[in-house]
Amino acid sequence: MASLKRILVTGGAGFLGSHLCERLLDQGHDVICLDNFFTSQKSNVAHLLARPNFELIRHDVTLPVWLEVDEIYNLACPAAPGHYQYNPIKTLKTSVMGAINVLGMARRCRAKVLQASTSEVYGEPIVHPQPESYRGSVNPIGPRACYDEGKRAAETLFMDYHRSNRVRIRIVRIFNTYGPRMHPFDGRVVSNFIRQALQHQDITIFGDGSQTRSFCYRDDLIEGILRMMDAPDELTGPVNLGNPSEFTILELARQIIELTGSRSKLVYQPLPADDPTQRQPNIELARKHLGWEPKVPLREGLVKTIDWFRAVDLNHYRPPTPNY
Ligand code: NAD
Ligand code: UDP
């Protein structure tokens with residue numbers, strides 16, 4: 001049996017973080033969930049509070065924190081465009097100062113630390129699909145830059161702490177991931193379309209809907225993150241994690257209308273600035289080194305996500321920003 005560890009998950013109350021905490025608790029580890037609840041709420045982890053190996057800390061990752069841990073998963077950062085653009089300076093601080101704080105802790109504790117990076121580091125990609133070797137095409141002064149450049153700077157910090165201080169790092173670049181417990185008002189495409197479809201409201205297509213994304217179900221993604229942490233130290237990454245099945249936004253909308261039996265109509269709104277026109281992960285590295293690839297097709301994942309949206313009371317969710 002693998003040895004039990006003390007594990008810190010920053011952003012642990014969020015959509016991905018709360019599932020990661022669950023998986024780690026199920027493996028028997030001591031899990032510390034650290035979150036400032038900017039884009040999440042305690043209800044995401046309320047069912048974990050009674051477990052003896054779970055601890056919840058309300059804290060902002062831009063401020064130092066002193067803990068003794070064996071592993072750190074650094075997920076703290078608003079992830080939806082409406083959330084990260086709400087306070088762009090804070091977003092950049094969260095990525096950069098958050099990285100410095102967890103890396104300092106990892107150095108002191110000799111802990112392994114994993115950074116949740118993003119496909120946004122590729123910006124508006126000219127190379128398609130995107131391999132990790134592609135250096136990307138990010139607009140450094142656009143409205144998405146606070147997130148994209150923050151995550152790029154965090155990758156730089158991870159590599160420099162690794163090279164200069166031999167910190168044991170892992171970097172994963174996560175592509176669009178969806179599933180139950182996404183914030184229903186986060187403004188992301190899957191949550192928006194499902195909420196709109198279930199309420200028979202207009203479905204808001206930004207641009208002409210021909211832009212593409214590749215959607216990964218959350219269970220697949222969490223499995224990839226866990227495998228990356230357990231990989232040999234030489235595999236620092238970055239490693240892409242995502243589902244290579246690519247869809248246009250129009251295809252996604254039609255599929256959600258069909259699966260919900262909705263009477264919603266499509267309405268077209270302007271495409272936000274710097275919205276990438278295409279995005280698809282090349283996952284050869286993850287296949288080769290982690291033996292990982294996604295298993296859940298979009299249709300199956302959407303059915304589970306729709307079931308969850310039907311079951312929750314939207315009045316229990318506070319929109320964190322007015323941008324949904
Ligand atoms: P999320 O918004 O649900 O989770 C982020 C969590 O971080 C929230 O609980 C939020 O309250 C917390 N947080 C934000 N700022 C913080 C701060 N300063 N201090 C402490 N906590 C803070 O989003 P998610 O989809 O679960 O994303 C988790 C991580 O994965 C993020 O780092 C995100 O950039 C990355 N990621 C996600 C996706 C995706 O499609 N879901 C894609 C690429 C990268
Ligand atoms: N999008 C859309 N309607 C919405 C929300 C998003 O057409 O109500 C589009 C958005 O313009 C982008 C894609 O869906 O092209 C994915 O957006 P999301 O915010 O989920 O994530 P991104 O990949 O852009 O970070």
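The values are calculated or read from the model by the stated rules, or taken from the named source; none is laboratory data. Just so we're clear, the structure is a prediction, and the values are computed from it rather than from any experiment. Please note: Cβ atoms are built from the backbone with ideal geometry, for glycine as well, and neighbour counts cover all protein chains shown.
Mind listing whichever residues of the stretch 240-273 are away from ligand 2 (no atom under 13 Å from the Cβ), closer than 17 Å to GLY209 by Cα and surrounded by 15 or more Cβ atoms within 10 Å (Cβ to Cβ)?
Those that are away from ligand 2 (no atom under 13 Å from the Cβ), closer than 17 Å to GLY209 by Cα and surrounded by 15 or more Cβ atoms within 10 Å (Cβ to Cβ): GLN255, ILE257.
Is there a residue in the stretch 34-45 that is buried (at least 18 other Cβ atoms within 10 Å of the Cβ), in a strand (DSSP E or B) and free of Cβ contacts under 8 Å to residues at least 60 places away in the same chain?
yes
Take the stretch 70-106 and flag every residue that is touching a strand residue (DSSP E or B) at 6+ places or on another chain (Cβ under 6 Å) and buried (at least 20 other Cβ atoms within 10 Å of the Cβ).
Passing the criteria: GLU71, ILE72, TYR73, ASN74, LEU75, ALA76, VAL102, ALA106.
Looking at THR212, THR177, which is the one that is modelled with pLDDT of 95 or more, touching a Lys or Arg at 6+ places or on another chain (Cβ under 8 Å), within 14 Å of ligand 1 (Cβ to nearest atom) and of a type outside the set (A, V, I, L, M)?
The unique qualifying residue is THR177.
Just checking, which of ARG166, ARG110, ARG135, ARG170 is at pLDDT 95 or above and over 19 Å from MET228 (Cβ atoms)?
Every option except ARG135 fails the conditions.
Scan the stretch 115-171 residue by residue and report those that are assigned to a loop (DSSP other than H, G, I, E, B), surrounded by 14 or more Cβ atoms within 10 Å (Cβ to Cβ) and among the charged types (D, E, K, R).
Answer for the stretch 115-171, where residues must be assigned to a loop (DSSP other than H, G, I, E, B), surrounded by 14 or more Cβ atoms within 10 Å (Cβ to Cβ) and among the charged types (D, E, K, R): GLU124, GLU132, ARG144.
So which pairs qualify, if the first residue must be in the stretch 213-239 and in contact (Cβ under 8 Å) with a residue 40 or more places away in the chain and of a type in the set (S, T, N, Q), the second must be more than 13 Å from ligand 1 (Cβ to nearest atom) and not in a loop (DSSP other than H, G, I, E, B), the Cβ gap must be under 7 Å, and the two must be at least 6 apart or on different chains?
Note: pairs meeting the criteria are SER214/GLU246; THR236/HIS162; THR236/ILE169; THR236/ARG170.
Taking the stretch 57-112 only, how many residues are within 24 Å of ASP186 (Cβ to Cβ), more than 8 Å from ligand 1 (Cβ to nearest atom) and in a loop (DSSP other than H, G, I, E, B)?
3
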